[in-house]
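Student: Before anything else, here's the structure in question.
The values are calculated or read from the model by the stated rules, or taken from the named source; none is laboratory data. Model, not experiment: these values are computed from the prediction. So basically every Cβ, Gly included, is an ideal-geometry build from the backbone, and we count neighbours across all protein chains shown.
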Amino acid sequence: MGGFLVWYSLTIVSLQELVQYFKNANYSWIALGLFFGLLSHLSRAYRWKFLLEPLGYKPSFINSTLAVLVAYLINIFLPRVGEVSRAAVMTNYEDIPFEKGFGTIVAERLADLLMMLIVISITLFIQFDFIWELLTQDINPVKIITSLLLLLGIFVVIILYIRKGKSKFALKLKGFILGLKDGVFSILKMKKKWAFIFHTIFIWIMYVAMFWATIPAINGLEVPIGGILIGFIAGGLSIAATNGGVGLYPVAVAGALALFDIDKVTGNAFGWIMWTAQTAMIIVFGGLAFLLLPIINKNK
């Protein structure tokens, strides 16, 4: 899928044109965007402690940061496995039970989902027609309803099995679910709720700022605030849909910017520059985190 999307994007902007865009890019703006992205990762690592404290755990900031960076790295290659690895890192180096650590990550994701909905709501308010066109492209309501009903059925079967099962596996699964529940509901037991809210808002402001700061990297590219938000949403959804947004990110961003009469060649080139910068940052810092974890925790 990713390979096809890469090919499709390169039918819009040729490889030679793309190389020229990269050569002419203003890397000071790209560096500023990456700085905002790094601040969001540090804030995410710091925010995590507010969820872990009600469970009785106080991990070091350095381990939390390295775990977050490793998670982003793994998500590029194995979507959604990064969250699992993040909890596993804290189990290995901070003795936090996996199910409880993973539960706090689920709680984080719920907070992030709420922020994404807020960003979409703000964008709807600013540019209703454009965002509606973006969100309703190629949507099949029958498939969505069928998928939701199927997921609901699977969920009910699992719950009944856990509640009534007496086997060793069922009891073990029940213990895991209870630990997971403790982690998720830690968001309701936080003493520093306002600090958690501040960091949640700050993380998402940094996400948008990263997108905004990279736009001037292409000389002459001007995007209104509505276009920035729509492009950001399109890019975010593409990352959620594929492993790291490979191939899809430039296409999605170019499609969003095209709504504002920005030609697809420039839109695709910007998407590739944005995606490459983000991915390079994750690979470099995630790789360093992967190497540093056992060195920093050599006594554990």
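Student: Out of the residues in segment 13-48 that are charged (D, E, K, R) and either surrounded by 20 or more Cβ atoms within 10 Å (Cβ to Cβ) or in contact with an Asp or Glu (Cβ under 9 Å, 6 or more places away or on another chain) (or both), which is nearest to Val284 (Cα to Cα)?
Tutor: Kept after step one, since they are charged (D, E, K, R), are these residues of segment 13-48: 17, 23, 44, 47.
This time we only want the ones that are either surrounded by 20 or more Cβ atoms within 10 Å (Cβ to Cβ) or in contact with an Asp or Glu (Cβ under 9 Å, 6 or more places away or on another chain) (or both), so: 44, 47.
Numbers: Arg44: 18, Arg47: 23 Å.
That would be Arg44.
Student: Looking only at residues that are over 30 Å from Gly247 (Cα atoms) and of a type outside the set (Val, Ile, Thr) in segment 65-95, which one is nearest to the chain's Cα centre (by Cα)? Give the derivation first.
Tutor: Taking segment 65-95 first, the residues over 30 Å from Gly247 (Cα atoms) are 90-95.
Cutting the leftovers down to of a type outside the set (Val, Ile, Thr) gives us 90, 92-95.
Working: Met90: 19, Asn92: 24, Tyr93: 24, Glu94: 24, Asp95: 25 Å.
Filtering segment 65-95 for residues that are over 30 Å from Gly247 (Cα atoms) and of a type outside the set (Val, Ile, Thr), the one nearest to the chain's Cα centre (by Cα) comes out as Met90.
Student: Looking at Ala277, Ala269, Ala234, can you tell me which residue is farther than 22 Å from Asn26 by Cα and not aromatic (Phe, Trp, Tyr)?
Tutor: When all the criteria are applied, what remains is Ala234.
Student: Which one of these does Leu221 not meet: (1) surrounded by 19 or more Cβ atoms within 10 Å (Cβ to Cβ); (2) more than 15 Å from the chain's Cα centre (by Cα)?
Tutor: The number of the failed condition is (1).
Student: What helices (runs of 4 or more DSSP H), lying completely within segment 203-300, carry at least 1 residues that are modelled with pLDDT of 90 or more and of a type in the set (Ser, Thr, Tyr)?
Tutor: 264-296
Student: Would a scan of segment 73-83 turn up a residue that is part of a helix (DSSP H, G or I), surrounded by 20 or more Cβ atoms within 10 Å (Cβ to Cβ), of a type in the set (Phe, Trp, Tyr) and touching a residue at least 24 places away in the same chain (Cβ under 8 Å)?
Tutor: No: zero hits.
Student: State the number of residues belonging to segment 239-260 that are within 15 Å of Leu221 (Cα to Cα) and buried (at least 23 other Cβ atoms within 10 Å of the Cβ).
Tutor: 4
Student: Go through segment 35-57 and give me each residue that's modelled with pLDDT of 90 or more and farther than 21 Å from Met115 by Cβ.
Tutor: none
Student: Here is a list: Lys168, Lys164, Lys172, Lys181. Which entry is farther than 30 Å from Gly56 by Cα and either modelled with pLDDT under 65 or touching a strand residue (DSSP E or B) at 6+ places or on another chain (Cβ under 9 Å) (or both)?
Tutor: Working: Lys168 fails: farther than 30 Å from Gly56 by Cα; Lys172 fails: farther than 30 Å from Gly56 by Cα; Lys181 fails: farther than 30 Å from Gly56 by Cα.
Result of the check over Lys168, Lys164, Lys172, Lys181: Lys164.
Student: Right, another one. Taking Leu51 and the conditions (1) touching a residue at least 24 places away in the same chain (Cβ under 8 Å); (2) of a type outside the set (Lys, Arg); (3) on the phi > 0 side of the Ramachandran plot, which numbered condition does it fall short on, given that it satisfies the others?
Tutor: (3)
Student: Right, something else. Across segment 229-238, which residue is farthest from Val208 (Cα to Cα) among those that are among the hydrophobic types (A, V, I, L, M, F, W, C) and crowded, with 20+ Cβ neighbours inside 10 Å?
Tutor: The qualifying residue farthest from Val208 (Cα to Cα) is Ala234.
Student: Give the residues of segment 64-115 that are among the charged types (D, E, K, R), under 24 Å from Ile283 (Cβ atoms) and touching a helix residue (DSSP H, G or I) at 6+ places or on another chain (Cβ under 6 Å), sorted by residue number. Can you show your working first?
Tutor: Step one: of segment 64-115, the residues among the charged types (D, E, K, R) are 80, 83, 86, 94-95, 99-100, 108-109, 112.
With under 24 Å from Ile283 (Cβ atoms) added as a condition, the list becomes 80, 83, 86, 108-109, 112.
Passing the criteria: Glu83, Arg86.
Student: Which one of the conditions (1) in a helix (DSSP H, G or I); (2) more than 29 Å from Phe211 (Cα to Cα); (3) among the β-branched types (Val, Ile, Thr) does Ile96 fail to meet, given that it meets all the rest?
Tutor: Exception for Ile96: condition (1).
Student: In segment 201-211, is there at least one residue being of a type in the set (Phe, Trp, Tyr), under 30 Å from Ile62 (Cβ atoms), without any contact (Cβ under 8 Å) to a residue 12 or more places away in the chain and surrounded by fewer than 21 Cβ atoms within 10 Å (Cβ to Cβ)? Give the steps one after another, and end with the answer.
Tutor: Taking segment 201-211 and keeping what is of a type in the set (Phe, Trp, Tyr), we get 202, 204, 207, 211.
If we keep only those that are under 30 Å from Ile62 (Cβ atoms) too, we end up with 202, 204, 207, 211.
Remaining after also requiring without any contact (Cβ under 8 Å) to a residue 12 or more places away in the chain: none.
No, every residue in segment 201-211 fails to be of a type in the set (Phe, Trp, Tyr), under 30 Å from Ile62 (Cβ atoms), without any contact (Cβ under 8 Å) to a residue 12 or more places away in the chain and surrounded by fewer than 21 Cβ atoms within 10 Å (Cβ to Cβ).
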